[in-house]
Amino acid sequence: MAFKSEEDAKAYWKENVSLMVKLMVVWFVVSFGCGILLVDVLNNIQLGGYKLGFWFAQQGAIYTFVALIFYYSRKMGALDRKYGVHEE
Amino acid sequence: MDLQTLTYIVVGFTFALYMGIAVWARAGSTKEFYVAGGGIHPVANGMATGADWMSAASFIGMAGLIAFMGYGGSVFLMGWTGGFVVLAMLLAPYLRKYGKFTVPEFIGDRFYSRGARIVAVICLIICSVTYVIGQMKGIGVAFSRFLEVSYDTGLLVGMFIVFFYAVLGGMKGITYTQIAQYCVLILAYTIPAIFISLNLTGNPLPQLGFGSTLVGTDVYLLDRLDQVVTELGFAEYTTQVRLSTTNMFAYTMSLMIGTAGLPHVIIRFFTVPKVKDARSSAGWALVFIAILYTTAPAVAGMARLNLMSTIEPAPGQHLAYDERPQWFKNWETTGLLKFEDKNGDGRIQYTADTATNEMVKVDRDIMVLANPEIAQLPNWVIALVAAGGLAAALSTAAGLLLAISSAISHDLLKGVIMPDISEKQELMASRIAMAVAIAGAGYLGFNPPDFAAGTVALAFGLAASSIFPALMMGIFSKRINKEGAIWGMIGGITVTLLYVFQHKGIMFIPGTSFLGGMDANWFLGIEPNAFGVIGALVNFGVANLVSRLTAEPPEEVQELVEHIRVPMGVTEAHDH
């Protein structure tokens, strides 16, 4: 591995895990949160013809998932370069 | 041109395309056979993953299920897409960095144990085989319905096509064929949906049309749907919960981690050149999947509304049986739609009350297939739907068969039984394993075991409770050792199996529940299909406990974990 130091290796992994945890929180909130646990509350709000909770469960969660993966992919690319461990 | 001829032309054209690709993309090495040479562009791999993932069940079954489950059907939509987020962040990049050919190979190396590898092979084969039976049935059914040949002939033709490109091209042939199959299936799914959305709401995008008002009124489609179904005594479409909130939670989670743990999906990420590509490729896969998965709920709701308003155009005004439309008659002859004039008035009453309901059978699977007919779309659209259903079933079958055959030739033969065979011999062995796997799957397609319907849940349950936790702990913990991983996998599977067997009988033989007298869904009201997440928790718990009581993994294994966590110094997917 090409880390400059042991600390760098630790810091890289820590940043990776913290990014992952943040994004997994969003993943959880849009699907299990808005789509299941809070669905009744959100259903009081309308989004066009959709009840909001229903929309999250059948549309919104999926759009968010797509955005999450691309955001993660971009952020990790930047992190790899910051620590000089990106691929040639 | 009549529908029959048109269907033959469209389906025949797509088959010729798949065969052409097979000849062009022959595999010359084990690396090409197992991981398509490791040089597939991430967008192309995403598309192939989409076709691999979306099976006959997604294409034909899912919208039909949702049409009758309403909001409760969301578990499939979120579960089968959210799993890719889990896969992209927790597994795919690290497994790609590790750079070997199969999932059991990683488990065997990380847990420095041939036993762990064999346990993983067994889990893999069970989940893939149960899954492939469904695809084989899908191929037979699609042929027999659209081309009016027998189920058996249809299955034989399907086996021949898969045999041709999977044996010849391995992962390489399968990948390029799946790209073509994705295009066919997504067109076949979206075109009818666009027509139907236009008819009902005037909006060509089904995702928006589903939230719009009905043409010529200011009533929202969803409000109208809720009203129509509740008037007949059915549960309100947009709030109909599947058993309970706890159950929906468990179901969604089980499908998500089951998705991330299914070997035929994971191995797709071994085919891209870099770690970076594995991350973005998961995103592309989900884009291609999301196009179908956001259309499906609209198709479901619109199909339900169309069905209801055909039978009862206005409240209290029931369709006369003699005036039923042609599609109604067509599906009646298949036995999937049944009418029984209980009150003898010659009109169709469709209600939630079984005593007065006269639509005694409405098979969920007909919703997608009948949709274009219900909406009176042109014949070429119906022909395209046939080709799309076949593409979905063929592409998933091929991906599963590759996962099975590589587990046999690479993990069992090369890894355990005959480690000294040459690359050329292994390539031959993998082709033979593929041929045997196709023959085996075909046999199960001709003679579907009685428990076939019950085992699909098992594929997800097994993947969620055995493979997913083992992979995740292998990457994120250095402390989990051989003993922990093996006992964790065994514990997770056992708990899941016991719960399923307790509901459906041992090995799905009815009446053999050994814990007789227990209430259905006794554990927190969770149904057996949703139990994978509990199995996974058991796996995590057991693995941690056992690992803490036994010796730490050896130094070189801890170094392996360090190695896979960093993209640099990527190893190409290779042998040793």
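The values are calculated or read from the model by the stated rules, or taken from the named source; none is laboratory data. No experiment lies behind these values; they were computed from the predicted model shown. Using ideal geometry, Cβ is built from the backbone for each residue, glycine included, and neighbour counts are taken over all protein chains shown. Each accessible area value is taken on the protein alone, full model and side chains, heavy atoms only, with ligands, DNA and RNA left out. Shrake-Rupley method; radii C 1.70, N 1.55, O 1.52, S 1.80 Å.
Rounded to the nearest 10 degrees, the angle from helix A:6-28 to the longest Cα principal axis of chain A is 10 degrees. If I fit a long axis through the Cα atoms of helix A:61-82 and take the longest principal axis of the Cα atoms of chain A, what angle between them do I get, 0 to 90°, rounded to 10? It is inclined by approximately 10 degrees. Each 20 Å bin from zero up to the one holding the largest Cα-Cα distance in the protein assembly as shown carries the following percent of pairs: 19, 53, 25, 3, 0. Counted over the stretch B:186-332 with a bin width of 5 Å, the fraction of Cα pairs per bin, in whole percents, is 2, 8, 12, 14, 15, 15, 12, 9, 6, 4, 2, 1, 0. For the stretch A:6-82, the fraction of C-alpha pairs farther apart than 15 angstrom is 61 percent.
Applying the Karplus relation 6.51 cos²θ - 1.76 cosθ + 1.60 with θ = phi - 60° to the stretch B:323-339 yields 3J(HN,Hα) values of 9, 4, x, 4, 4, 4, 5, 4, 6, 4, 5, 7, x, 8, 10, 9, 10 Hz, where x marks Gly and Pro. Averaged over the residues of A:66-78, the number of partner chain Cβ atoms lying within 10 Å of the residue Cβ comes to 6.
Amide H to amide H distances under 5 Å link residue B:242 with B:72, where only residues 5 or more positions off or on other chains count and H is placed in the peptide plane. Rounded to whole numbers, the Karplus 3J(HN,Hα) couplings from phi for the stretch B:196-208 are 5, 4, 4, 4, 7, 10, x, 9, x, 8, x, 4, 8 Hz, using 6.51 cos²θ - 1.76 cosθ + 1.60 with θ = phi - 60°, and x at Gly and Pro. Amide H to amide H, with H built 1.01 Å from N, residue B:361 comes under 5 Å of B:338, counting only residues 5 or more places away or on other chains. Any chance you could give the angle, 0 to 90 degrees and rounded to 10, that helix B:275-311 forms with the longest Cα principal axis of chain B? Result, in degrees: 20. In the stretch B:198-214, the residues whose accessible area drops by at least 30 square angstrom when the other protein chains are added to the isolated chain are B:207, B:210, B:211; the probe is 1.4 Å and only protein heavy atoms count. Using a simple spin-label model with pseudo-atoms 7 Å out from Cα toward Cβ, residue B:490 and residue A:74 lie 4.8 nm apart.
Of all lysines in the structure, the ones whose alpha carbon falls short of 16 Å from that of residue B:338, not counting any fewer than 8 places away in one chain, are B:329, B:361. Straight Cα distances below 17 angstrom link residue B:504 to the aspartates and glutamates B:450, B:519, B:527, with same-chain residues fewer than 8 positions distant left out.
Accessible area per residue was computed with a 1.4 Å probe on protein heavy atoms; residue A:13 scores about 50 Å². Remark on residue B:526: its backbone amide H falls under 5 Å from none of the residues 5 or more positions apart or on other chains, H modelled at 1.01 Å from N.
Each residue was assigned an accessible area with a 1.4 Å probe, and for residue B:176 the value is about 80 Å².
Enter the mean number of other protein chain beta carbons within 10 Å of the beta carbon of each residue in B:278-287, as an integer.
5
Heavy-atom accessible surface of residue B:152, to the nearest 10 Å², is about 80 Å², with a 1.4 Å probe and all protein chains retained. With every protein chain in place and a 1.4 angstrom probe, the accessible-area ranking of B:347, B:565, largest first, reads B:347, B:565. Every Cα-Cα pair in chain B was counted, and those over 33 Å apart are 44% of them.
Separation of the alpha carbons by more than 20 angstrom is noted, of A:10/A:75; A:75/B:100; B:100/B:172; B:172/B:424; A:10/B:100, for A:75/B:100; A:10/B:100.
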